[in-house]
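S.K.: One structure, pasted below without further comment.
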Amino acid sequence: MPKKPIKPKNMLYMGGRPSKNIFNNIFFYIFIALAIYILVTSVGNGLATSGEQIPVGQFIKLLREQKVQNVTIAGDRAEILLKDGTKLVTEKESSISFDDIFKNNQIDTAVIEGELKVEHRIGWEDVLSPLLMFGFPILLLLFLFRQMKGASGDIMSFGKSRAKVFNKKLSSQITFKDIAGNDEAKQDMMEIVDFLKQPKKYRKLGARTPKGVLLVGPSGVGKTLLAKAIAGEAGVPFFSVAGSEFMEMLVGVGSSRVRDLFNNARQSQPSLIFIDEIDAIGRQRGMGIGGGHDEREQTLNQILIEMDGFDTRTDVIVIAATNRPDMLDPALVRPGRFDRKINIPLPDLKAREEIIKIHMRGKPFVEGVDVVRIARKTVGFSGADIENMINEAAIKAAREDRDKVNAADVDEASLKVTMGSERKTLQTEEERQMTAYHEAGHALVAATVPDMDPVQRVSIVARGGSLGHTSISPDRDRYNETKTRLLSTIATMLGGRAAEEVVYHEQTVGAGDDIKKATSLARRMVTEFGMSDLGPIMYDTREDSIWLARELGEAHRLSEKTSAQVDDKVKEIVDSCYAGAKSVLEDKRKTLDRIAKALMEKETIDQDEFEKLIK
C-alpha cells in the first residue's frame with residue numbers, strides 16, 4: 001500500500017496544536033521594531049568606529065602639533081588621517097560646529113597639510129530613525145484598528161444570548177438514573193420527557209403540555225441536575241442560562257438576550273430552556289425605587305411576552321429553578337406561563353442512602369462502612385452537602401497516606417461540613433473546664449427533657465467559631481414539630497448558660513449564640529406558630545418581611561400594646577425553659593461533674609459512652 005505523504009512541518013505548529021496567528025499579536029510588532037532599532041544602532045556604531053575614537057580636545061592638540069594629514073567632516077563626526085597613516089575618529093556635540101571649535105581654539109586650518117573636506121552623508125540611522133519614529137505608531141494604530149474591527153462582532157453581540165447549549169450527545173450523559181431520591185419530582189418530569197419524545201400523542205387528544213416548569217427547593221437539592229436529566233432523557237438540545245446573565249449595564253440588553261434565546265430554542269425545537277436562579281430577574285414588579293421601569297423589569301416583561309408566544313405547535317419547554325418562590329412576580333407563575341410547580345425537598349433517609357452510594361462510586365472504602373448509619377447521621381443534609389462530605393472524607397484519608405476511606409473519616413467530614421475544621425486554640429485549664437461544663441450542660445439537659453433526640457457526640461475541641469459542640473441528631477426524618485419538643489429544644493440551648501450558673505455562679509459570652517437561637521425560636525412560637533396565650537394569630541414583626549419589600553415601608557405593624565405582649569410571652573417562654581434547665585442540672589449535679597470530668601480527660605465522648613455516664 002502506498003504510504004501517506006508526510007506533511008511538512010510548520011513552524012507555527014508546536015506539539016501538534018496550531019498556535020495563534022503571530023501577526024495578530026502586538027508583541028510581534030514590538031519585537032520587529034526593537035530588532036530594526038538594534039540593527040540600525042549596530043550599523044551606525046560600526047561606521048562610527050572605522051578608526052580609533054578620540055575626544056575633540058585630543059583632535060585640537062594633534063592639529064596644534066601639525067600631525068594631521070587629512071580631515072573629512074561629515075555632520076558631527078570628523079575622520080582624521082595622521083601623517084603616519086593612523087586613522088582616528090572624533091565626534092562633537094550637535095549644538096556647536098567644527099568651525100566654531102576651530103575659531104574658539106584659535107586653530108588655523110592651514111596646519112592641515114592635506115585637504116579638509118566637508119561631506120553630507122545620509123546614514124542608515126538618518127533614514128530609519130524617522131521611519132521608526134512615525135512608522136511604528138502607524139503600525140500600532142493599524143493593529144489596534146484591526147483588533148477593534150475583529151472585536152466589533154463582540155461589541156454588537158451584547159444582545160446575543162449567553163446561554164450554554166448542550167447538544168443531544170452531551171445532554172444524554174445525565175439521566176434520571178444518575179439522580180437519587182426525588183422520586184415524586186422525577187415522576188412529574190417524566191410527562192415532560194414523554195411530550196418531547198412523542199408530541200403527536202398529546203396533540204391528537206388536544207392536550208397542551210405546560211409551557212413552563214418551576215423547580216422550587218432549598219439550595220443544593222439538585223434542581224439544576226434534574227433539569228439536565230430531563231434533557232438527557234428526552235435527548236433534545238438544552239439551553240442553560242443563569243438569571244443574572246441577562247443583565248448588563250446597557251439598557252435593553254436583557255430583553256434582547258431573551259428574544260435571541262427563545263429564537264434559538266425555537267429553531268432547535270424540540271428543545272429545553274433552563275433558567276437558573278430566575279428570582280434574579282423574576283422578582284415582583286413595582287418594588288424598585290426607580291419607578292418600575294428599570295432594566296430588570298424590562299427583561300421580565302420580555303420573558304412574559306415570549307412565553308405567551310408559545311402555542312401548541314411549539315415544542316419548547318422552559319424550566320426555571322429558584323429557592324425563593326415568594327419573591328416571584330404573580331404574572332410569571334400564573335397558569336399559561338410557569339403553570340407547573342414542582343417542589344424538591346431535602347432528601348429523606350432512603351434518598352440519602354442512594355445519594356451516598358452514588359458519591360461513594362470510584363472511591364475505595366473499607367469493608368463494613370454502614371451507609372444506613374451515615375444516612376441517619378446526616379438528617380437535614382442536601383445532596384450537595386453529602387457530596388462535599390464524601391469528598392472531604394476522601395481528602396482526609398489521602399492526607400493521612402491511607403489507601404481506603406473509613407467510617408471515622410466520614411464522621412470527621414460530617415462535622416467539618418457543618419461546623420468547620422478543628423482549631424488548636426490555646427486555653428487555660430480553667431477555660432477548658434468551663435467549656436466542658438458548658439457542653440455537659442447542653443448534653444445532660446437534652447438527655448433529660450421530654451421528646452428530645454439522642455445526643456450523638458459531645459466535644460470540647462474548638463471548631464469554627466465555637467470552643468466546643470454538642471451534636472444532637474434526630475434518629476429519623478421529622479416533618480412536624482410539637483410544642484413540647486420546641487420547648488425542650490429551647491431548654492437544651494440554654495443548658496450551657498444554666499451549667500455556668502450552677503457550677504460557677506458566673507456567666508460567660510460563650511452562651512451568646514445559644515441565647516440568640518433560643519430567643520428566635522421562642523419568638524416564632526409566639527408570632528408564627530400561635531403557641532402562646534395570645535392565641536393562633538400571625539404577628540408579623542420581621543423587618544425583612546415581604547410586606548415591607550412590597551409596600552416600601554408600609555408593612556403590617558403591631559401596636560405598641562400588642563408588641564409589648566409579644567415580648568412578654570417570648571420572655572415567659574425563655575425564662576420558663578431556662579428555669580427548667582437549671583433545675584435539671586441542680587438535681588443531677590454529680591452526673592454533670594462526671595460528664596465534665598470525662599470531657600476534660602478525653603475531649604470527645606460519643607453516644608455510647610455518654611449514655612453510660614448518665615446511667
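S.K.: Which one is farthest from ILE179 (Cα to Cα), of the residues in region 359-386 that are among the hydrophobic types (A, V, I, L, M, F, W, C) and in a loop (DSSP other than H, G, I, E, B)?
M.R.: Among residues in region 359-386 that are among the hydrophobic types (A, V, I, L, M, F, W, C) and in a loop (DSSP other than H, G, I, E, B), the one farthest from ILE179 (Cα to Cα) is VAL366.
S.K.: How many residues are modelled with pLDDT of 80 or more, part of a loop (DSSP other than H, G, I, E, B) and hydrophobic (A, V, I, L, M, F, W, C) if we restrict to region 206-238?
M.R.: Counting residues in region 206-238 that are modelled with pLDDT of 80 or more, part of a loop (DSSP other than H, G, I, E, B) and hydrophobic (A, V, I, L, M, F, W, C) gives 1.
S.K.: Here is a further query. Could you tell me which numbered condition SER563 fails, if it satisfies all but one of (1) assigned to a loop (DSSP other than H, G, I, E, B); (2) at pLDDT below 90?
M.R.: Condition (1) is where SER563 drops out.
S.K.: Another one. Could you say whether any residue in region 412-422 is of a type in the set (Gly, Ala, Ser), touching a Ser or Thr at 6+ places or on another chain (Cβ under 9 Å) and not in a helix (DSSP H, G or I)?
M.R.: Taking every residue of region 412-422 in turn, at least one turns out to be of a type in the set (Gly, Ala, Ser), touching a Ser or Thr at 6+ places or on another chain (Cβ under 9 Å) and not in a helix (DSSP H, G or I).
The rows are residues; the columns are (1) among the aromatic types (Phe, Trp, Tyr); (2) free of Cβ contacts under 8 Å to residues at least 24 places away in the same chain; (3) crowded, with 21+ Cβ neighbours inside 10 Å; (4) not assigned by TED's automatic domain parsing to the domain that holds SER382.
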residue: ASP178; (1), (2), (3), (4): no, no, no, yes
residue: ASN182; (1), (2), (3), (4): no, no, yes, yes
residue: LYS186; (1), (2), (3), (4): no, no, no, yes
residue: MET189; (1), (2), (3), (4): no, no, yes, yes
residue: LYS201; (1), (2), (3), (4): no, yes, no, yes
residue: ARG208; (1), (2), (3), (4): no, no, no, yes
residue: SER219; (1), (2), (3), (4): no, no, no, yes
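S.K.: Another question, if that's okay. Has region 435-449 got any residue that is assigned to a loop (DSSP other than H, G, I, E, B) and over 38 Å from the mean Cα position of the chain (by Cα)?
M.R.: Checking region 435-449: at least one residue is assigned to a loop (DSSP other than H, G, I, E, B) and over 38 Å from the mean Cα position of the chain (by Cα).
S.K.: Residues in region 418-434 that are crowded, with 18+ Cβ neighbours inside 10 Å and either among the aliphatic types (A, V, I, L, M) or in the same structural domain as VAL366 (by TED's automatic domain parsing) (or both): how many?
M.R.: 1
S.K.: Report every pair of residues separated by at least 6 positions or lying on different chains whose Cβ atoms are under 9 Å apart, first residue within region 317-344 and closer than 26 Å to ILE179 by Cα, second of a type in the set (Ser, Thr, Tyr) and assigned to a helix (DSSP H, G or I).
M.R.: Here the result reads ALA321/THR224, each pair linking region 317-344 to a residue that is of a type in the set (Ser, Thr, Tyr) and assigned to a helix (DSSP H, G or I).
S.K.: Another question, if that's okay. In the list ILE281, ILE386, ILE319, which residue meets the criterion of being at pLDDT 80 or above and either over 25 Å from the mean Cα position of the chain (by Cα) or over 18 Å from SER414 (Cβ atoms) (or both)?
M.R.: That would be ILE319, the only listed residue that is at pLDDT 80 or above and either over 25 Å from the mean Cα position of the chain (by Cα) or over 18 Å from SER414 (Cβ atoms) (or both).
S.K.: Turning to a different aspect of this structure: Kindly check whether there is at least one residue in region 495-507 that is surrounded by 14 or more Cβ atoms within 10 Å (Cβ to Cβ), in contact (Cβ under 8 Å) with a residue 24 or more places away in the chain, touching a Ser or Thr at 6+ places or on another chain (Cβ under 7 Å) and not basic (Lys, Arg).
M.R.: Within region 495-507 (the criterion being surrounded by 14 or more Cβ atoms within 10 Å (Cβ to Cβ), in contact (Cβ under 8 Å) with a residue 24 or more places away in the chain, touching a Ser or Thr at 6+ places or on another chain (Cβ under 7 Å) and not basic (Lys, Arg)), the answer is yes, since at least one residue qualifies.
For (1) assigned by TED's automatic domain parsing to the domain that holds MET189; (2) at pLDDT 85 or above; (3) assigned to a helix (DSSP H, G or I); (4) not charged (D, E, K, R), each residue gets a yes or a no:
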residue: ARG313; (1), (2), (3), (4): yes, no, no, no
residue: PHE338; (1), (2), (3), (4): yes, no, no, yes
residue: LYS357; (1), (2), (3), (4): no, yes, yes, no
residue: ALA398; (1), (2), (3), (4): no, yes, yes, yes
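S.K.: State which residue pairs qualify: first residue touching a residue at least 24 places away in the same chain (Cβ under 8 Å) and inside region 255-267, second residue of a type in the set (Lys, Arg) in any location, beta carbons under 6 Å apart, and separation of 6 or more residues or different chains.
M.R.: Sorted first by the residue in region 255-267, then by its partner, the pairs are ASP260/LYS160.
S.K.: Mind checking which residues of region 60-101 are surrounded by 15 or more Cβ atoms within 10 Å (Cβ to Cβ), closer than 18 Å to GLU119 by Cβ, out of contact with any Asp or Glu (no Cβ under 8 Å at 6 or more places or on another chain) and free of Cβ contacts under 8 Å to residues at least 40 places away in the same chain?
M.R.: GLU79, ILE80, LEU81, THR90, PHE98
S.K.: Do we have MET389 as among the aliphatic types (A, V, I, L, M) and in a loop (DSSP other than H, G, I, E, B) here?
M.R.: Values: among the aliphatic types (A, V, I, L, M): yes; in a loop (DSSP other than H, G, I, E, B): no.
Against the criterion (among the aliphatic types (A, V, I, L, M) and in a loop (DSSP other than H, G, I, E, B)), MET389 does not qualify.
S.K.: Going by what's in this entry, would ARG402 be described as at negative phi and touching a residue at least 60 places away in the same chain (Cβ under 8 Å)?
M.R.: The answer is no for ARG402.
S.K.: Working only within region 488-531, note down all residues that are in contact with a Pro (Cβ under 8 Å, 6 or more places away or on another chain) and within 18 Å of ALA443 (Cα to Cα).
M.R.: The one that is in contact with a Pro (Cβ under 8 Å, 6 or more places away or on another chain) and within 18 Å of ALA443 (Cα to Cα): SER488.
S.K.: With the requirement that a residue be at pLDDT below 85, within 30 Å of LYS483 (Cα to Cα) and in contact with a strand residue (DSSP E or B) (Cβ under 7 Å, 6 or more places away or on another chain), what does region 416-455 give you?
M.R.: Across region 416-455, the qualifying residue is only MET419.
S.K.: Follow-up question, since we're still on this one. Would you mention how many residues in region 456-466 are modelled with pLDDT under 90, among the aliphatic types (A, V, I, L, M) and not in a loop (DSSP other than H, G, I, E, B)?
M.R.: Looking only at that region, the number is 1.
The values are calculated or read from the model by the stated rules, or taken from the named source; none is laboratory data. Computed from a prediction, not measured in an experiment: that's the story for all the values here. Because the Cβ atoms are built from the backbone with ideal geometry, glycine has one as well, and the counts that use them run over all protein chains shown.
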